[in-house]
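*Asks:* The structure that follows is given in the form of structure tokens.
The values are calculated or read from the model by the stated rules, or taken from the named source; none is laboratory data. Source: prediction; values computed, not measured. Neighbour counts are summed over all protein chains in view; Cβ atoms, including those assigned to glycine, are modelled from backbone coordinates with ideal geometry.
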Ligand SMILES: NC(=O)c1ccc[n+]([C@@H]2O[C@H](COP(=O)([O-])OP(=O)(O)OC[C@H]3O[C@@H](n4cnc5c(N)ncnc54)[C@H](O)[C@@H]3O)[C@@H](O)[C@H]2O)c1
């Protein structure tokens, strides 16, 4: 890994705006700076990052309470949110106090949700500890929990007051988790910044700081232009139309990164047929995502189910299936391809 010394900052131009700090060994100092003066701070964390959470808590000049949440996706439940509300009550967290969320995307989604609902909304600083969390989940203010009806159906828009990406925290992540985050980085590369694709070609572990910085910049730019997903933010769904359908059809046996990798190849195939995207760009998708250890095809007999799920996706408007396509790299467009065209493209990504 190449380690540069000074931390970098990316501004997210929401109202009010906030900063994403990216650097090495920045968790404690940057979190403390972002919090400013507080009487009390609750540090909610995943079990696996309890040591860094304790170090952050110890560095804050306020009354602090460490609260360990359930690990992984299971944390995103109403029961867990209710337990955290009880902990905040017992800790006497008031409107002018704050939450620090330390963990992967499921923790920041949960803690963000709890922060947005406690006393009708208190400040939260996110300290993402996975690559996916740094480049995606912790930025943009979408919070959520899961219900029996599905994932992320209950949630709020609640922007953090700051995000701290301490790259040292990624050293304990498994290659599978790195690939998960790299899939979202690749998405940012295809929709907005081709330099990201070149950095990924060299392997996500090299030039990690530059990679995270560039991917964060893409997400920040899109979110800054559309904080509540009213329109332009749709481009972040590149690869997600089929990806979400695969996740659901396979009952989440495939990870999100794996599912959107297949979804991106599919979207690129649709783009060649519907928008004249250069077929070399489709090859680029297969080569890059394959090298990252991500799948680029899916079983052929899944198509009827996948089409039905895509048509019911909450991100489609009315009955037409709208999806994000590419005219070329870094030129995304939203289009409504025909069913025949979609099926033909799926044949090209099916094994
Ligand atoms: N809000 C958004 O805009 C948004 C965007 C994308 C994804 N998400 C959500 O993010 C979640 C996925 O995020 P994720 O992949 O970070 O999952 P996660 O938070 O479930 O973390 C995955 C695993 O990595 C472990 N982990 C965390 N940090 C670690 C570290 N530093 N070293 C070793 N292990 C570590 C965790 O304990 C967990 O078991 C999903 O719930 C998804 O819905 C939200």
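*Asks:* In this structure, is residue 102 surrounded by 17 or more Cβ atoms within 10 Å (Cβ to Cβ), in contact (Cβ under 8 Å) with a residue 40 or more places away in the chain, more than 9 Å from the ligand (Cβ to nearest atom) and farther than 19 Å from residue 228 by Cα?
*Replies:* no
*Asks:* Six or more apart or on different chains, Cβ atoms under 6 Å: show the pairs whose first residue is in region 170-184 and under 17 Å from residue 209 (Cβ atoms) and whose second is at pLDDT 95 or above and near the ligand (Cβ under 7 Å from one of its atoms).
*Replies:* 181/132; 184/132; 184/136
*Asks:* So which pairs qualify, if the first residue must be in region 18-35 and without any contact (Cβ under 8 Å) to a residue 60 or more places away in the chain, the second must be surrounded by fewer than 20 Cβ atoms within 10 Å (Cβ to Cβ) and outside any loop (DSSP other than H, G, I, E, B), the Cβ gap must be under 7 Å, and the two must be at least 6 apart or on different chains?
*Replies:* 28/55; 28/59; 32/59
*Asks:* Also, I was wondering about something else. Within region 291-302, does at least one residue satisfy the condition of being under 18 Å from residue 198 (Cβ atoms), part of a helix (DSSP H, G or I) and either in contact with a helix residue (DSSP H, G or I) (Cβ under 8 Å, 6 or more places away or on another chain) or modelled with pLDDT under 95 (or both)?
*Replies:* yes
*Asks:* Applying the selection to region 30-54, what residues are over 22 Å from residue 217 (Cβ atoms) and more than 16 Å from the ligand (Cβ to nearest atom)?
*Replies:* Of everything in region 30-54, those that are over 22 Å from residue 217 (Cβ atoms) and more than 16 Å from the ligand (Cβ to nearest atom) turn out to be 32, 35, 36, 37, 38, 39, 40, 41, 42.
*Asks:* Among the residues of region 172-186, are any in a helix (DSSP H, G or I), more than 13 Å from the ligand (Cβ to nearest atom) and under 14 Å from the mean Cα position of the chain (by Cα)?
*Replies:* yes
*Asks:* Looking at (1) touching a strand residue (DSSP E or B) at 6+ places or on another chain (Cβ under 9 Å); (2) modelled with pLDDT under 95; (3) more than 9 Å from the ligand (Cβ to nearest atom), which one does residue 152 not meet, given that it meets all the others?
*Replies:* Tallying (1) touching a strand residue (DSSP E or B) at 6+ places or on another chain (Cβ under 9 Å); (2) modelled with pLDDT under 95; (3) more than 9 Å from the ligand (Cβ to nearest atom), residue 152 fails exactly one: (3).
*Asks:* A further question follows. Being modelled with pLDDT of 95 or more, buried (at least 20 other Cβ atoms within 10 Å of the Cβ) and farther than 20 Å from residue 170 by Cβ is the requirement here; does residue 27 meet it?
*Replies:* Against the criterion (modelled with pLDDT of 95 or more, buried (at least 20 other Cβ atoms within 10 Å of the Cβ) and farther than 20 Å from residue 170 by Cβ), residue 27 does not qualify.
*Asks:* Next up: Does any residue of region 89-96 turn out to be under 19 Å from the mean Cα position of the chain (by Cα), more than 10 Å from the ligand (Cβ to nearest atom) and in a helix (DSSP H, G or I)?
*Replies:* no
*Asks:* Now, a different point. Looking at region 249-272, is at least one residue more than 22 Å from the chain's Cα centre (by Cα), surrounded by fewer than 21 Cβ atoms within 10 Å (Cβ to Cβ) and assigned to a helix (DSSP H, G or I)?
*Replies:* yes
*Asks:* Suppose we keep only residues that are near the ligand (Cβ under 6 Å from one of its atoms) and over 21 Å from residue 261 (Cα atoms) within region 129-143. Which one would you say is surrounded by the fewest Cβ atoms within 10 Å (Cβ to Cβ)?
*Replies:* Only one residue tops the list, namely 142.
*Asks:* Before we move on, is residue 325 surrounded by 17 or more Cβ atoms within 10 Å (Cβ to Cβ) and modelled with pLDDT of 95 or more?
*Replies:* Judged against the criteria, residue 325 is a match.
*Asks:* Is it fair to say residue 119 is closer than 25 Å to residue 214 by Cβ, surrounded by fewer than 24 Cβ atoms within 10 Å (Cβ to Cβ) and touching a residue at least 24 places away in the same chain (Cβ under 8 Å)?
*Replies:* So residue 119 does not fit the description; no.
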